[in-house]
Amino acid sequence: MSTRTYYDPLHKSISLNSSIPEEKMVMELIDSSPFQRLRRIKQLGPAYLTFHGAESSRFTHSLGVFHLARRAINHLSELDSRLKEHKFILYGAALLHDLGHGPLSHTSEEIFKINHEVWTGKLINSNQELTTILNKYGEGNAKAISDLIQSRKAPEQLIISLISSQLDCDRLDYLMRDSHTTGARYGQLDIDRIISAMIIAPDGDLAIHPKGLMAVEHYLVIRNLMYRSVYNHRLNEVCNWLLEQIIQIARKIGPKKLWADKNMSEWLWNHEEMSLESFLSNDDIVTGYHIHQWQDSGFDSLSALCSRFINRNLLKALNISSFCLEVRLEALAQARILSEKHCIEPDISCGLREQIVKSYHPYKYGLRLWDGENLQALEKVSPLVERLIEPNQSSWLIYPKEIESELRMEIEKLKTKHN
């Protein structure tokens, strides 16, 4: 028998015991090379350029998700002991759910046009190291875990809800962790109350006991605040836009003119048929090295963008969310005109970043309250949750600082014109 303890800034000690088969499986998965790769992928992508403490990795987050899933299933198994037989699938899915993230996490989905859940499924099903470990502890485990992550299929709906729902272990961990690392201080969740309030509804799915209502309301408010203050922060949007332009231009230049190593070449110019080896060979270090090298690529637009990102010479961003689409496009056009006037290339210095976020989606695996007699949708019980259904739209106008004063005057003219 052996034990292992990971000391976590949120959850304190996360201990594993090899005499417990499902935990021995987790220990072996952690030691696998695909999982170790997650140490080299930042949880919040380029947000470290805005929040200097945001250096946490997908490795750390994934351990936290496993820890919360274990706590939740141990609590729920006291209500239905049959859930214990699903621990292998739950633990595997909780630990490996982010395995398919590319460099800089969600940013890679935008800039490289990949889907991390699809790649997670591919790796679990096709990477020999992973499939050997998973299937050693139960025939068909790899496929079952892949199906859960990719297609929300599992023998018990409750197991799916712990991995993917409006109150899953992934969301619980990342809200607390991202708040902690960025210093935002919003994510002080009452995690003990939330887990203790998890119960099993008559249909076998996850529900919340009324005693946990305020803790869940608090969690959903925090999610709203984190999107507004961290995930959609103006400088974070600028960094993501810069990275998107870098990869777009690199792809246009083409493999015959632009240097890239063998694996990055697949990411850039053959991503739809990319091999597992090439996928696993890319991480924040590799992508960062290429961006660093491209500063001297000889292609002015690409070099300028890479230099901006590496040296944190960021563009400015103005919140124009209150404008209608027509006015937003007019504002972008004005930014481009002013940039050209200052001899600044508008294609690499002006843009729009638009996002629509719902803090709570009642129709996408929504939450229910169960008091032993009545099963009710959470938004029907809580006016606060009902208000959180309203989507938030953010629209940021990106532009070079050299045109700021002139652009703000043009924006004021647009306001007057359209009022």
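The values are calculated or read from the model by the stated rules, or taken from the named source; none is laboratory data. Note that the structure is a prediction, hence the values are computed from the model and not measured. Here Cβ is always computed from backbone atoms with ideal geometry, including for glycine, and neighbour counts include all displayed protein chains. For accessibility, only protein heavy atoms count, side chains too; no ligands or nucleic acids. Shrake-Rupley method; radii C 1.70, N 1.55, O 1.52, S 1.80 Å.
Report whether or not residue 80 is among the charged types (D, E, K, R), open to solvent by 20 Å² or more (accessible area, probe 1.4 Å) and touching a residue at least 60 places away in the same chain (Cβ under 8 Å).
Working: among the charged types (D, E, K, R): yes; open to solvent by 20 Å² or more (accessible area, probe 1.4 Å): yes; touching a residue at least 60 places away in the same chain (Cβ under 8 Å): yes.
Spelling it out, residue 80 is indeed among the charged types (D, E, K, R), open to solvent by 20 Å² or more (accessible area, probe 1.4 Å) and touching a residue at least 60 places away in the same chain (Cβ under 8 Å).
Between 322, 307, which is open to solvent by less than 60 Å² (accessible area, probe 1.4 Å) and hydroxyl-bearing (Ser, Thr, Tyr)?
On inspection, the qualifying residue turns out to be 307.
For residue 296, indicate whether it is modelled with pLDDT of 95 or more, farther than 17 Å from residue 260 by Cβ and either of a type outside the set (Lys, Arg) or exposed (fewer than 14 other Cβ atoms within 10 Å of the Cβ) (or both).
no
From the residues in the stretch 285-303 that are touching a helix residue (DSSP H, G or I) at 6+ places or on another chain (Cβ under 9 Å) and outside any helix (DSSP H, G or I), which one is farthest from residue 267 (Cα to Cα)?
Among those residues, the one meeting the criterion is 299.
So which residues in the stretch 147-198 are farther than 25 Å from residue 84 by Cβ and hydroxyl-bearing (Ser, Thr, Tyr), if there are any at all?
Answer for the stretch 147-198, where residues must be farther than 25 Å from residue 84 by Cβ and hydroxyl-bearing (Ser, Thr, Tyr): 174, 179, 181, 182, 186.
If I filter the stretch 147-167 for residues that are in contact (Cβ under 8 Å) with a residue 40 or more places away in the chain and more than 24 Å from the chain's Cα centre (by Cα), do I get at least one hit?
So far as the stretch 147-167 goes, yes, one or more of its residues are in contact (Cβ under 8 Å) with a residue 40 or more places away in the chain and more than 24 Å from the chain's Cα centre (by Cα).
Table: residues versus (1) closer than 27 Å to residue 11 by Cα; (2) modelled with pLDDT of 95 or more.
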position: 120; (1), (2): yes, yes
position: 134; (1), (2): yes, yes
position: 154; (1), (2): no, no
position: 178; (1), (2): yes, yes
position: 188; (1), (2): yes, no
position: 198; (1), (2): yes, yes
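Could you grab me the full set of residues in the stretch 142-162 that are open to solvent by 20 Å² or more (accessible area, probe 1.4 Å) and either in a helix (DSSP H, G or I) or among the small types (Gly, Ala, Ser) (or both)?
We begin by selecting, within the stretch 142-162, every residue open to solvent by 20 Å² or more (accessible area, probe 1.4 Å); these are 143-144, 147, 150-157.
Of everything in the stretch 142-162, those that are open to solvent by 20 Å² or more (accessible area, probe 1.4 Å) and either in a helix (DSSP H, G or I) or among the small types (Gly, Ala, Ser) (or both) turn out to be 143, 144, 147, 150, 151, 154, 157.
Show the residue pairs that are 6+ apart or on different chains and have beta-carbon atoms under 8 Å apart, the first residue being within the stretch 334-357 and among the small types (Gly, Ala, Ser), the second being assigned to a loop (DSSP other than H, G, I, E, B) and modelled with pLDDT of 95 or more.
Here the result reads 335/350; 339/345; 339/349; 339/350; 339/400; 349/315; 349/400, each pair linking the stretch 334-357 to a residue that is assigned to a loop (DSSP other than H, G, I, E, B) and modelled with pLDDT of 95 or more.
Which residue pairs have Cβ atoms closer than 7 Å, lie 6 or more positions apart in sequence or on different chains, and pair a first residue in the stretch 214-225 that is free of Cβ contacts under 8 Å to residues at least 40 places away in the same chain with a second residue that is in a helix (DSSP H, G or I)?
Within 7 Å, the pairs are 215/193; 215/194.
Residues in the stretch 339-358: is at least one under 14 Å from residue 216 (Cα atoms) and open to solvent by less than 80 Å² (accessible area, probe 1.4 Å)? Give the derivation first.
So the first thing to find is which residues in the stretch 339-358 are under 14 Å from residue 216 (Cα atoms), and the list is none.
Checking the stretch 339-358: not a single residue is under 14 Å from residue 216 (Cα atoms) and open to solvent by less than 80 Å² (accessible area, probe 1.4 Å).
For residue 415, indicate whether it is within 30 Å of residue 202 (Cβ to Cβ) and open to solvent by 60 Å² or more (accessible area, probe 1.4 Å).
For residue 415, the condition - within 30 Å of residue 202 (Cβ to Cβ) and open to solvent by 60 Å² or more (accessible area, probe 1.4 Å) - is not met.
All but one of (1) in contact with a helix residue (DSSP H, G or I) (Cβ under 6 Å, 6 or more places away or on another chain); (2) assigned to a strand (DSSP E or B) hold for residue 339; which doesn't?
(2)
Would you list the helices (runs of 4 or more DSSP H) that sit entirely within the stretch 184-269 and hold 2 or more residues that are hydrophobic (A, V, I, L, M, F, W, C), open to solvent by less than 30 Å² (accessible area, probe 1.4 Å) and closer than 19 Å to residue 371 by Cβ?
191-196, 213-226
With respect to residue 38, determine if the residue is outside any helix (DSSP H, G or I) and either open to solvent by less than 20 Å² (accessible area, probe 1.4 Å) or touching a helix residue (DSSP H, G or I) at 6+ places or on another chain (Cβ under 7 Å) (or both).
No, not satisfied.
Could you check how many residues of the stretch 83-141 are touching a residue at least 60 places away in the same chain (Cβ under 8 Å), among the charged types (D, E, K, R) and in a loop (DSSP other than H, G, I, E, B)?
2
What is the one condition in (1) loosely packed, with under 13 Cβ neighbours inside 10 Å; (2) within 15 Å of residue 166 (Cβ to Cβ); (3) in contact with a helix residue (DSSP H, G or I) (Cβ under 7 Å, 6 or more places away or on another chain) that residue 365 does not satisfy?
It fails just one condition, (1).
Output the residues belonging to the stretch 371-389 that are in contact (Cβ under 8 Å) with a residue 12 or more places away in the chain, part of a loop (DSSP other than H, G, I, E, B) and out of contact with any Phe, Trp or Tyr (no Cβ under 6 Å at 6 or more places or on another chain). Steps first, answer last, please.
Looking only at the stretch 371-389, we keep the residues that are in contact (Cβ under 8 Å) with a residue 12 or more places away in the chain, and these are 371, 375, 377-379, 381-382, 384-385, 388-389.
Keeping just the survivors that are part of a loop (DSSP other than H, G, I, E, B) gives 371, 382, 389.
Within the stretch 371-389, 371, 382 meet the criteria.
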